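The values are calculated or read from the model by the stated rules, or taken from the named source; none is laboratory data. This is a predicted model, so every value here is computed, not measured. For neighbour counting, all protein chains shown are included, and Cβ atoms are generated from backbone atoms with ideal geometry for every residue, glycine included.
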């Protein structure tokens, strides 16, 4: 399928402008993401309709704790990514082309309905590199009254982001660190990710953020607090999920200690109302509390969720909180 967001160049070269890498692709080659290829001087979305992974997950696994808590969502992934994180937890599908299954938006819609899913989550790899298929799916799901969720690194240019936003209901953006140097090491741009987060939030898309904490790499306390202030300047109600790192792909640092996760969660609480620790049991920071009176609003044990309210106000003090039920 012909891709969107590219320009023709000389000698059958093309320039992809979907993301800020702006890959110059020679005939027969592909961009950084692997699945946008120059075939005869035309950029092709060669991953269109080809999924590498599919499951019905708890919405909390995305992680989204404040968006239809306790529900299930059909989750799909593709091949490819436009970053090169050395700690990638899904490197098997993000760094190479693997066997895939052909599907269509209508087939996925049928699967979601059979599974009593609230909608579809585009996740596991970087879904927005498969922009054309995600757009087509998102339109079908929106028209059918089901939800669209992206789990993304946020590396997308403003124009395609503007095109897809009207079809998105929620997003979890992986805010990997808070220095351009750290992002450069992993093939990304912090300013682009910040722009994506701000644009989604201002457009009314429900947003939550994830930070994978690797003490040896992005564990500088001042940088972490700058990140928290950036989030708080948009809204202190935006949930932040601090995930524990485990050795994966090309990183062999020891796992993030539990006490480090707890210490950073406490620092984040100085700026933000909703902090969670993920990928690690026994650290606390699992329940949703009223930011005003401390009442437990949503209780969690693993992926088991019990809502103590069915609307985004506290039943004890009537304070509103950031959530979609």
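Within the option set 111, 98, being in a helix (DSSP H, G or I) and touching a residue at least 12 places away in the same chain (Cβ under 8 Å) holds for one residue only, 111. Quick one: is residue 321 in the same structural domain as residue 118 (by TED's automatic domain parsing) and surrounded by 14 or more Cβ atoms within 10 Å (Cβ to Cβ)? So residue 321 does not fit the description; no. Scanning the range 36-45 for residues that are out of contact with any strand residue (DSSP E or B) (no Cβ under 7 Å at 6 or more places or on another chain) and either surrounded by 19 or more Cβ atoms within 10 Å (Cβ to Cβ) or assigned to a strand (DSSP E or B) (or both) yields a total of 1.
Scan 276, 271 and give me the residue that is in a loop (DSSP other than H, G, I, E, B) and either modelled with pLDDT of 95 or more or within 23 Å of the chain's Cα centre (by Cα) (or both). Within the list 276, 271, the selection yields 271.
Based on this model, can you work out whether residue 76 counts as modelled with pLDDT of 95 or more, in a helix (DSSP H, G or I), more than 30 Å from residue 308 (Cβ to Cβ) and touching a strand residue (DSSP E or B) at 6+ places or on another chain (Cβ under 8 Å)? The answer is no for residue 76.
Screening the candidates 265, 281 for the property of being at pLDDT below 95 and either assigned by TED's automatic domain parsing to the domain that holds residue 94 or in a loop (DSSP other than H, G, I, E, B) (or both) yields one hit, 281.
Just one of the listed residues (278, 219) is touching a strand residue (DSSP E or B) at 6+ places or on another chain (Cβ under 7 Å), surrounded by fewer than 18 Cβ atoms within 10 Å (Cβ to Cβ) and in contact (Cβ under 8 Å) with a residue 12 or more places away in the chain, and it is 219. For the range 299-318, the criterion of being on the phi > 0 side of the Ramachandran plot, modelled with pLDDT under 95, loosely packed, with under 14 Cβ neighbours inside 10 Å and in a loop (DSSP other than H, G, I, E, B) is met by at least one residue. Exactly one residue among 209, 272, 261, 200 is more than 28 Å from residue 147 (Cβ to Cβ), crowded, with 19+ Cβ neighbours inside 10 Å and without any contact (Cβ under 8 Å) to a residue 60 or more places away in the chain, and that residue is 261.
Scanning the range 289-298 for residues that are surrounded by 20 or more Cβ atoms within 10 Å (Cβ to Cβ) and either assigned by TED's automatic domain parsing to the domain that holds residue 178 or in a loop (DSSP other than H, G, I, E, B) (or both) yields one hit, 290.
For (1) more than 29 Å from residue 183 (Cα to Cα); (2) not assigned by TED's automatic domain parsing to the domain that holds residue 166, each residue gets a yes or a no:
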position	(1), (2)
40	yes, yes
68	yes, no
79	no, no
134	no, no
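Each row is one residue, and each column tells you yes or no for (1) buried (at least 19 other Cβ atoms within 10 Å of the Cβ); (2) modelled with pLDDT under 95; (3) part of a strand (DSSP E or B).
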site: 20; (1), (2), (3): no, no, no
site: 34; (1), (2), (3): yes, no, no
site: 47; (1), (2), (3): yes, no, no
site: 54; (1), (2), (3): no, no, yes
site: 65; (1), (2), (3): yes, no, no
site: 70; (1), (2), (3): no, no, no
site: 86; (1), (2), (3): no, no, no
site: 89; (1), (2), (3): no, yes, no
site: 93; (1), (2), (3): yes, no, no
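Taken as a whole, the condition of being assigned by TED's automatic domain parsing to the domain that holds residue 277 and not in a helix (DSSP H, G or I) applies to residue 246.
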